[in-house]
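The values are calculated or read from the model by the stated rules, or taken from the named source; none is laboratory data. Bear in mind the structure is a predicted one, so any value in this text is a computation, not a measurement. Glycine gets a Cβ as well: all are built from the backbone with ideal geometry, and neighbour counts include every protein chain shown. To get the accessible areas, we keep the full protein, side chains included, count just its heavy atoms, and leave off ligands, DNA and RNA. Shrake-Rupley method; radii C 1.70, N 1.55, O 1.52, S 1.80 Å.
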Amino acid sequence: MFAWVCIGLASIITLGLIITVLHHLLLETPYVPTSRPIAHAMADFVGLEPGHSVYDLGAGDGSILLEAKKLQPKIHATGVEVVPLVWLLGWLRTRTKGIKFLLKDARKVNLKDADVLFLYMTPHMLKELTPVLSTMKKGSRVVSRAFHLPGRTASEERIHNGTKMFLYRF
């Protein structure tokens, strides 16, 4: 009986890894974790306030939102991740921290209520997000790590430990 449980578990993990690799290859969205100091710097850069609706598209393991919640516990945080195994990791890390974690394609997220958005995506994915970003309300802010948003000029730029961050005001 134990052998069957082990085989079943190994099969589920293998299937999860295959799906993860396929997502990375087909969607061109590699999983690159954000270190705690960089996540903290991104959250600090944007100026979080109580009651802010904060999103992280391509949230990965939830590092940025976890740091944002530490800096400002009264935000409403939502992480969005499309890769099932990476989503599971993020969900497990954030489930007891008051962070909603969605298994969803970032290109299909409604950001009309977002005050703050965190992004760490490839230039290709940032371009595909243009229609979603255009729905953000006036006064909202976006922090993008490493890459510029296509067609927009950053209002501020910072470098933290060699990592570039760009702040955009909508």
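Apolar share of the accessible surface for region 48-118: 54 percent from carbon plus sulfur atoms, 1.4 Å probe. Surface calculation, 1.4 Å probe, protein heavy atoms: His124 sits at approximately 80 Å² accessible. Counting only protein heavy atoms and using a 1.4 Å probe, the accessible area of Phe166 comes to about 10 Å².
Ligands, DNA and RNA are left out, and with a 1.4 angstrom probe the accessible area of region 31-170 is 48 Å² per residue.
Rounded, prolate or oblate for region 33-81? Axes are the square roots of the Cα gyration tensor eigenvalues, ordered a ≥ b ≥ c, and the cut-off for rounded is a/c under 1.5.
Details: a/c = 2.03, a/b = 1.21, b/c = 1.67.
It is oblate, given that a/c is not under 1.5 and a/b is not larger than b/c.
Counted by Cβ distance under 15 Å from Lys138, the other residues give a net charge of +3, where Lys and Arg count +1 and Asp and Glu count -1.
So what's the net charge close to Glu156: Lys and Arg +1, Asp and Glu -1, counting the other residues with Cβ under 11 Å from its Cβ? Within the 11 Å Cβ shell, the charges total +2.
Considering only Leu129, Ala106, Leu89, and ranking their Cα positions along the charge dipole of region 89-143 that arises from unit charges at the beta-carbon of Lys, Arg, Asp and Glu, the one farthest toward the positive end is Leu89.
Of all alpha-carbon pairs in region 36-170, indicate the percentage at a distance above 24 angstrom.
Result: 20 percent of Cα pairs exceed 24 Å.
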